[in-house]
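K.L.:
My questions all concern the structure below.
The values are calculated or read from the model by the stated rules, or taken from the named source; none is laboratory data. Worth saying up front: this structure is predicted, and the values here are computed from it rather than measured. Neighbour counts are summed over all protein chains in view; Cβ atoms, including those assigned to glycine, are modelled from backbone coordinates with ideal geometry.
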Amino acid sequence: MKIPETMRAVAIDRYGGPSVLSMHELPVPPTGANEVLIAVHTAGVGGWDASMREGPTESEHTRFPKILGTDGSGTIVAGYDLTRSGRRDRHQPNSAAGNRRRGGRVAYPNGIAPAPRPRRGITFKAYDAEPGTRELEHLDRAWRETRLQIPIAKTYTLANAIRAHQRLAKGHILGKIVLRVAEK
């Protein structure tokens with residue numbers, strides 16, 4: 001697959017409310033050693049996005065335009081995993097412990113920062129991770145076998161990201177707000 005030089009992304013050019021979001025055509029970021037490039041199909045919109053949009057943390061030095069979001073899924077198109085396995089794997093770059101229900105379990109590798117905060121009714125277990133292709137394939141099989149279902153509150157197109165953030169601002173959302181990034 002030929003990687004394009006640019007990508008469409010919703011980003012901000014200044015801090016503020018949902019109205020500061022706008023569509024941009026930005027350079028596709030290069031991949032470094034042990035990194036992958038993911039063609040994002042869908043992205044979640046959560047409270048962390050509103051915090052990022054409204055202003056910086058004390059230690060953050062922001063360069064604009066700034067792309068929001070840490071929660072998404074897509075296909076690996078370049079980088080470490082693709083060159084080692086030769087497969088274009090589907091991938092979820094981030095999964096949050098905050099989305100687990102009572103009785104759920106969260107396992108995380110020692111040394112991550114910040115470590116997940118304990119929550120009532122959820123079991124947390126730290127472990128010493130062993131990185132490698134075999135371990136990642138085992139994790140992938142376990143993920144597929146769980147048949148995890150995530151409730152979706154509302155889906156918006158990327159062009160309607162402002163509406164997604166406006167819905168987020170209303171509060172009391174049961175399920176995920178999702179941006180459909182890839183066009184069908």
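K.L.:
It is to be established whether one or more residues within region 7-24 are at pLDDT 90 or above and within 30 Å of Gly132 (Cβ to Cβ).
P.N.:
Let us first name the residues in region 7-24 that are at pLDDT 90 or above, namely 7-24.
Checking the rest, the ones that are also within 30 Å of Gly132 (Cβ to Cβ) come to none.
No, region 7-24 has no match at all.
K.L.:
So, in region 167-184, how many residues would count as being part of a loop (DSSP other than H, G, I, E, B) and out of contact with any strand residue (DSSP E or B) (no Cβ under 8 Å at 6 or more places or on another chain)?
P.N.:
Residues meeting the conditions: 4.
K.L.:
Every residue in region 8-26 that is touching a Pro at 6+ places or on another chain (Cβ under 8 Å) and farther than 9 Å from Ile67 by Cα, please.
P.N.:
Once the filter is applied, which keeps residues that are touching a Pro at 6+ places or on another chain (Cβ under 8 Å) and farther than 9 Å from Ile67 by Cα, region 8-26 yields Asp13, Tyr15, His24, Leu26.
K.L.:
Now for a separate question. Inside region 30-59, can you point out the residues that are part of a loop (DSSP other than H, G, I, E, B) and either under 28 Å from Ile152 (Cα atoms) or over 16 Å from the mean Cα position of the chain (by Cα) (or both)?
P.N.:
Selection gives Pro30, Thr31, Gly32, Ala33, Asn34, Gly46, Gly55, Pro56, Thr57, Glu58, Ser59.
K.L.:
Are any residues in region 45-96 among the β-branched types (Val, Ile, Thr), modelled with pLDDT under 80 and surrounded by 14 or more Cβ atoms within 10 Å (Cβ to Cβ), and if so, which ones?
P.N.:
Once the filter is applied, which keeps residues that are among the β-branched types (Val, Ile, Thr), modelled with pLDDT under 80 and surrounded by 14 or more Cβ atoms within 10 Å (Cβ to Cβ), region 45-96 yields only Ile76.
Condition check ((1) under 18 Å from Trp48 (Cβ atoms); (2) β-branched (Val, Ile, Thr); (3) not in a loop (DSSP other than H, G, I, E, B)) across all residues:
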position: Phe124; (1), (2), (3): no, no, yes
position: Glu137; (1), (2), (3): no, no, yes
position: Ala142; (1), (2), (3): no, no, yes
position: Gln149; (1), (2), (3): no, no, no
position: Thr155; (1), (2), (3): no, yes, yes
position: His165; (1), (2), (3): yes, no, yes
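K.L.:
For region 20-40, which positions are surrounded by 15 or more Cβ atoms within 10 Å (Cβ to Cβ), in contact with a Ser or Thr (Cβ under 9 Å, 6 or more places away or on another chain) and within 22 Å of Asn160 (Cα to Cα)?
P.N.:
Passing the criteria: Val28, Ile38, Ala39, Val40.
K.L.:
Residue under question is Tyr108, and the condition is that it be at pLDDT 80 or above, surrounded by 11 or more Cβ atoms within 10 Å (Cβ to Cβ), within 18 Å of Trp48 (Cβ to Cβ) and among the aromatic types (Phe, Trp, Tyr); does it hold?
P.N.:
no
K.L.:
Report every pair of residues separated by at least 6 positions or lying on different chains whose Cβ atoms are under 8 Å apart, first residue within region 6-25 and assigned to a loop (DSSP other than H, G, I, E, B), second aromatic (Phe, Trp, Tyr).
P.N.:
That search, which allows pairs on different chains as well, returns Asp13/Phe64; Arg14/Phe64.
K.L.:
Kindly list, by first and then second residue, each pair from a residue in region 141-159 that is at pLDDT 85 or above to a residue that is outside any strand (DSSP E or B) and of a type in the set (Val, Ile, Thr), limited to pairs with Cβ atoms under 6 Å and residues at least 6 apart or on different chains.
P.N.:
Ala153/Ile173; Leu158/Val181
K.L.:
Working only within region 2-17, note down all residues that are of a type in the set (D, E, K, R) and over 13 Å from Leu37 (Cα atoms). So that I can check it myself, show each step before the final result.
P.N.:
Here is the first cut: in region 2-17, the residues of a type in the set (D, E, K, R) are 2, 5, 8, 13-14.
Residues satisfying the conditions are Arg8, Asp13, Arg14.
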